[in-house]
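Working notes, structure below.
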Amino acid sequence: MAKGVSAEDKRKRVLEIFHESKDVYQLKDIEKLAPKLKGVVAQSVKDVVQALVDDGLVQCEKIGSSNYYWSFPSQAAKAKRTRLDALTAEVEQLQARHDALVQDLDAARSVREETDERTDLLTRLADEQQREAQLTAELDQYRDSDPESHKLMLQQADVCRDAANRWTDNIFTMQSFCSNNFNLDPAEFRKQFEISEDFDHLE
């Protein structure tokens, strides 16, 4: 297939083979069809199909000594909704941890000598903010899903974006706090916690 095509594009193309034909295949059949119908090189088909199976988008059943694969559009929509529910639950958990961390940070600010505790909290904040950003990116991938859940997914993406921006505000607040109270240069703060130069709010 053409150089530069992403793994996600390969997944979509292979999944289209199942959805357009609504048929059951062995792996060798997909390896023959994918290059001819979708431009996916045969050598990558096995890994792509396995990834789709792992994500619940393609079903696999062993009959005798052979594995058979199939996927219907309704199954894909159900799998996406299930994944969306899982992401939503994880976002809610992250938001709960966010509230707890903010409380801990407020307490740490009131006791200036507990620098180790503040450093630990800053590290946890950075980790949680990174996870929020990852969730936001994954939720954005579901924007092209079936119309039934499209509106809900957009709403959830907005929730994740707002949560990520709240984390960003907290990071900037702690950067300012450390700069004002411990003479820690903002550039050194970003370097210490591996925060990129272009780190900013999500639009």
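The values are calculated or read from the model by the stated rules, or taken from the named source; none is laboratory data. The structure displayed is predicted, hence computed values, not measured ones. Here the Cβ is made from the backbone with ideal geometry for all residues, glycine too, and neighbour counts use every protein chain on show.
Figures for the structure shown
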{"item": "Scan of region 1-36 for residues that are of a type in the set (Val, Ile, Thr), surrounded by fewer than 15 Cβ atoms within 10 Å (Cβ to Cβ) and within 16 Å of ASN67 (Cβ to Cβ), ordered by number", "result": "VAL24"}
{"item": "Of all residues making up region 31-73, the number that are in contact (Cβ under 8 Å) with a residue 12 or more places away in the chain and part of a strand (DSSP E or B)", "result": "6"}
{"item": "Subset of region 1-17 that is hydrophobic (A, V, I, L, M, F, W, C) and closer than 14 Å to GLN50 by Cα - its residue that is modelled with the lowest pLDDT", "result": "ALA7"}
{"item": "GLN141 vs. criteria modelled with pLDDT of 75 or more and within 18 Å of the chain's Cα centre (by Cα)", "result": "no"}
{"item": "Residues of region 173-203 classified as more than 18 Å from GLU128 (Cβ to Cβ) and modelled with pLDDT under 70, total", "result": "1"}
{"item": "The lone exception for ALA34 - which of (1) small (Gly, Ala, Ser); (2) at pLDDT 75 or above; (3) touching a helix residue (DSSP H, G or I) at 6+ places or on another chain (Cβ under 9 Å); (4) assigned by TED's automatic domain parsing to the domain that holds THR168 it fails", "result": "(4)"}
{"item": "Output for region 37-84, where each listed residue is among the polar types (S, T, N, Q), surrounded by fewer than 18 Cβ atoms within 10 Å (Cβ to Cβ) and either outside the structural domain of PHE18 (by TED's automatic domain parsing) or within 24 Å of the chain's Cα centre (by Cα) (or both)", "result": "SER44, GLN50, GLN59, SER74, GLN75, THR82"}
